[in-house]
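Since the structure comes first, as structure tokens, the remarks are kept for the end.
The values are calculated or read from the model by the stated rules, or taken from the named source; none is laboratory data. All values derive from a computational prediction rather than experimental measurement. Ideal geometry is used to build each Cβ from the backbone, glycine not excepted, and the neighbour counts take in all protein chains shown. These area figures cover heavy atoms from the full protein model, side chains too; ligands, DNA and RNA do not enter into them. Shrake-Rupley method; radii C 1.70, N 1.55, O 1.52, S 1.80 Å.
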Amino acid sequence: VAKKEEQNSFIFYSARNQKSSTNLIELEEDLRKALTKDEFLLHYQPKQCCHTGKIIGVEALLRWEHGKKGLISPAEFIPLAEETGLIIPIGEQVIDQALKQLKEWQQTLSSSICMAINVSARQVHHENFLTMLTGKLMKYDVDPKCIEIELTENTVMKNSSQSSKVFERLKDIGMKIAIDDFGVEYSSLNYLKNFTFDTLKIDRSFIADITTIDHQAKIVEAIIAMGRALDLVVVAEGVETKEQVDWLKSRDCDVLQGYYIGKPMEVSQVEELLKQPISNK
Ligand code: C2E
Ligand code: MG
Ligand code: MG
Ligand code: MG
């Protein structure tokens, strides 16, 4: 029986791989073209200060407006972009667009607004990364203190000695570094031990059950306490309910992010939000 199952699953997987590999080739072609067709755009998700209720900044989230398939989410194309190296030119477009937008908002809306930008392993470890980044800062005359680079644990661990060097430089320049999706990788604590960060973003899978499962609540309490002890700004990701907001506020979390505060949105919507005095959510 075991043998038969093995055989079946082999057939199943190879068929699936074949289908998905033609899809992947197509997707790669499209991805390459998308760069020149200007199909990439950014949406922005607000971050709210727990203590003041103010929107303190936004996170830039990449979107692909595919000619035929419509809006495609980054989860679907970032892995392929990484694999093919296309993440390098795509990532450069992201940084260019984000900094340009930030400068505009700082001039027209609020000089204190900050921008978080997601960067993946291949980008950080690319030889030209720092030069490109500092070039963009100069191009738009943006204060590096208003920029936070979000990295997943995976990114850092892929090449930790190289990562350390890049991080040192980012810090020298004055930028902030956040650990994204904290808690989901197996090496979370190791990572805290070996690098210094400014911000810890608790993955939304931990936030989901804080008001319903006591065990989960205790884990998040401990993560917040640890973040506090290490002088990190603690951000809760994926905040979706009023109950979660109240819970996080009472536990002294610093920043809230999630659909309850605001979904990732287009430029015009962000502007409306930033013009409002103070959200009392
Ligand atoms: P992330 O940086 O952890 O971003 C948070 C993701 O969770 C976003 O998905 C966001 O839309 C979603 N989210 C936010 N609040 C909620 C909530 O309350 N509930 C639920 N269910 N989801 C929420 P998105 O935009 O699809 O991005 C997925 C991932 O793709 C990002 O995770 C990030 O790792 C990556 N990514 C996005 N933009 C870029 C980029 O410009 N460059 C790189 N390298 N990666 C990016
Ligand atoms: Mg992020
Ligand atoms: Mg995240
Ligand atoms: Mg994520």
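Fully extended, how many nm does the chain gain between Glu221 and Arg63 (0.36 nm per residue separation, minus their Cα-Cα distance)? Write out the running numbers ahead of the final one.
Values: separation 158, 0.36 × 158 = 56.88 nm, distance 3.32 nm.
Separation in residues times 0.36 nm, less the Cα-Cα distance, equals 53.6 nm.
How high is the relative contact order of the chain, in percent, with contacts defined as C-alpha pairs under 8 Å that are six or more residues apart?
Working: 412 pairs, mean separation 51.9, N = 281.
About 18 percent, as a whole number.
Read phi for every residue in the stretch 264-269 and hand back ³J(HN,Hα) as whole Hz from Karplus 6.51 cos²θ - 1.76 cosθ + 1.60, θ = phi - 60°, with x for Gly and Pro.
Result, rounded to whole Hz: x, 9, 6, 3, 4, 5.
Of the residues Gly85, Gly135, Gly67, which exhibits the maximal mean-square fluctuation in a Gaussian network model of the chain defined by a 10 Å Cα contact cut-off?
Fluctuation is largest for Gly67.
What chymotrypsin sites (Phe, Trp or Tyr not before Pro) in the stretch 209-281 are in a loop by DSSP, with at most 14 other Cβ atoms within 10 Å of the Cβ? Don't skip to the answer; put the middle values down first.
Details: sites: Trp247, Tyr259, Tyr260; in loops: Tyr259, Tyr260.
Passing sites in the stretch 209-281 are Tyr259.
Residue by residue, what Karplus-based ³J(HN,Hα) values in Hz, rounded to whole numbers, does the stretch 217-233 have, using 6.51, -1.76 and 1.60 with θ = phi - 60° and x for Gly and Pro?
Whole-Hz 3J(HN,Hα) from phi for the stretch 217-233: 4, 5, 5, 5, 4, 5, 5, 4, 4, 5, x, 4, 4, 8, 6, 9, 6.
Between Lys54 and residues 5 or more places away or on another chain, which pairs have amide H atoms under 5 Å apart, with H built 1.01 Å from N, and which residues are they?
For Lys54, whose amide H was placed from the backbone, the distant partners under 5 Å are Cys49.
Charges only on Cβ, +1 for Lys and Arg, -1 for Asp and Glu: so what's the dipole of the stretch 182-266 about the Cα centre, in debye to the nearest 20? Walk me through the numbers before you get to the answer.
Details: 9 positive and 14 negative charges, 20 e Å.
I would put it at about 100 debye.
Would you mind working out the magnitude of the charge dipole of the chain relative to its Cα centre, with +1 at each Lys and Arg C-beta and -1 at each Asp and Glu C-beta, to the nearest 20 Debye?
Values: 34 positive and 42 negative charges, 15 e Å.
It works out to roughly 80 debye.
Using only DSSP helix segments of four residues or longer, with each worth -39500 (n - 2.57), what per-residue ellipticity at 222 nm results for the chain after dividing by its residue count and rounding to 500? Could you put the intermediate results ahead of the total?
Details: 12 runs with 149 residues, N = 281.
After summing the helix terms and dividing by residue count, I get -16500 deg cm²/dmol.
Using θ = phi - 60° and the Karplus form 6.51 cos²θ - 1.76 cosθ + 1.60, what ³J(HN,Hα) does each residue of the stretch 168-184 get, whole Hz, x for Gly and Pro?
Once rounded to whole Hz, the list reads 4, 5, 4, 5, 4, 5, x, 7, 9, 10, 10, 8, 8, 6, 4, x, 7.
Per residue, how large is the accessible surface of the stretch 127-168? Use a 1.4 angstrom probe and give square angstrom. Don't jump to the answer; show the numbers that get you there.
Values: 2080 Å² over 42 residues.
Solvent-accessible surface per residue comes out at 50 Å².
Please report how far the C-alpha centroid of the stretch 170-248 lies from that of the stretch 82-148, rounded to the nearest whole angstrom.
23 Å
How many percent of DSSP beta bridges within the chain run antiparallel, rounded to 5?
Details: 15 of 37 bridges.
Beta bridges within the chain, antiparallel portion: roughly 40 percent.
What net charge do the residues around Gln93 carry, taking every other residue with its C-beta under 14 Å from that of Gln93, with Lys and Arg at +1 and Asp and Glu at -1? Let's see the in-between values first.
On the way: positive: Arg32, Lys33, Lys37, Arg63, Lys100, Lys136, Lys139; negative: Asp38, Glu39, Glu65, Glu92, Asp96.
Result for the local shell: +2.
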